[in-house]
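K.L.:
Take this structure, written in structure tokens, and hold onto it; I'll ask about it next.
We did not get these values from a lab; they are worked out from the coordinates using the rules stated. These numbers come from a predicted model, not from an experiment. In this analysis, Cβ positions are derived from the backbone assuming ideal geometry, glycine residues included, and neighbour counts consider all displayed protein chains.
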Amino acid sequence: MIEIKHVYKRYHNHHGSDWVLRDINVCIPKGISVGLLGRNGAGKSTLLKLIGGMDYPDRGEIIRRCRVSWPIGLRGGFQGNMTGRQNVKFVARIHGGEQSIEDVIRFVEDFAEIGEAFDEPVKTYSSGMRSRLGFGLSLAFDFDVYLSDEATAVGDRSFKKKAKKAFRDKVGRASLIMVSHSEGILKDLCQAGILLEKGQAIWFDSIDEAIKAYHDSIEAEVSAKAVPKKRPVKPARPETNAVATPRPAQAQPPHSQ
């Protein structure tokens with residue numbers, strides 16, 4: 001189970017700071033795969049990083065009562081001067097558990113499909129190669145919950161198919177919390193959904209209901225923008241038909257005789 005309690009998160013920019021998440025309260029049950037939905041900038045990747053422990057909330061807390069992966073699909077976290085093999089070996093020493101380091105290295109090398117680049121510095125990799133390496137590295141370990149940030153969008157058609165199958169194989173033994181622009185993948189792999197909107201999180205027991213709510217919110221916003229705003233009408237000045245009234249003549253004093 002993962003509990004998110006009163007979580008706030010903001011990022012600073014040249015305009016000041018923006019609150020991305022405001023008072024998020026969600027409890028994700030054990031064994032339930034969840035799809036995160038929301039517009040660009042709604043905080044989906046931010047929430048994944050917080051759940052995975054790659055970032056920390058400004059307020060609130062996240063309680064993990066299970067082993068949670070880092071977000072698959074994010075390209076950071078590798079040492080650029082080290083080769084892919086060296087990076088994998090380093091992580092395997094920390095997270096390996098019962099798995100041998102050599103088994104982890106073999107799995108990642110086979111899964112990532114980056115050829116000789118596996119023994120070259122990671123700083124020479126393309127973004128896609130980094131994502132493949134990170135994807136394979138995450139799947140090499142037995143986590144209770146896997147976090148995926150557009151991981152199934154990495155690579156060519158063959159690799160995407162391979163990535164989707166890898167997640168399917170994990171479902172049942174582990175659960176997923178994933179971000180994907182593909183509604184088909186969300187429906188295929190997730191049971192529940194979380195809609196992020198205006199810094200708030202809304203839980204849905206059904207991924208179909210979450211997707212519908214997401215579309216409804218977009219349609220409502222489009223409709224609101226389509227309605228022309230009425231310009232305020234200035235009140236007309238009242239017409240004045242005043243008639244000039246002659247001033248009464250002042251009485252003249254009588255002439256003395």
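K.L.:
Treating cross-link reach as a plain straight distance, find the aspartates and glutamates whose alpha-carbon is under 15 Å from the alpha-carbon of LYS170, omitting any fewer than eight places away in the same chain.
P.N.:
ASP142, ASP144, ASP188
K.L.:
Can you give the Rg/Rh ratio of the stretch 40-148, where Rg is from the C-alpha atoms and Rh is the Kirkwood radius?
P.N.:
A ratio of 0.99.
K.L.:
For all pairs of alpha-carbon atoms in the stretch 140-204, what percent lies in each bin of width 5 Å, listed from the first bin to the last filled one?
P.N.:
Percent of pairs per bin, in order: 4, 15, 26, 26, 16, 8, 5, 0.
K.L.:
Taking N as the number of residues in the stretch 1-62, what value does Rg over Cα atoms divided by 2.2 N^0.38 Å take?
P.N.:
Dividing the Cα Rg of the stretch 1-62 by 2.2 N^0.38 Å gives 1.14.
K.L.:
Which of the pairs LYS49/LYS89; LYS44/LYS165; LYS5/LYS164; LYS5/LYS123 have their Cα atoms more than 29 Å apart in this structure?
P.N.:
In this structure, LYS5/LYS164; LYS5/LYS123 exceed 29 Å between Cα atoms.
K.L.:
In the stretch 16-43, whose amide N lies under 14 Å from the spot 7 Å out along Cα-to-Cβ of ALA213? List them in ranges.
P.N.:
Residues 24-28, 34-39 fall inside that zone.
K.L.:
Under 17 Å Cα-Cα from LYS187, which aspartates and glutamates qualify once same-chain neighbours fewer than 8 residues away are excluded?
P.N.:
ASP149, GLU150, ASP169, ASP205, ASP208, GLU209
K.L.:
Next question. Would you report the distance distribution of C-alpha pairs in the stretch 97-169 as whole percents per 10 angstrom bin, up to the bin with the largest distance?
P.N.:
Pairs per bin, as whole percents: 18, 53, 27, 1.
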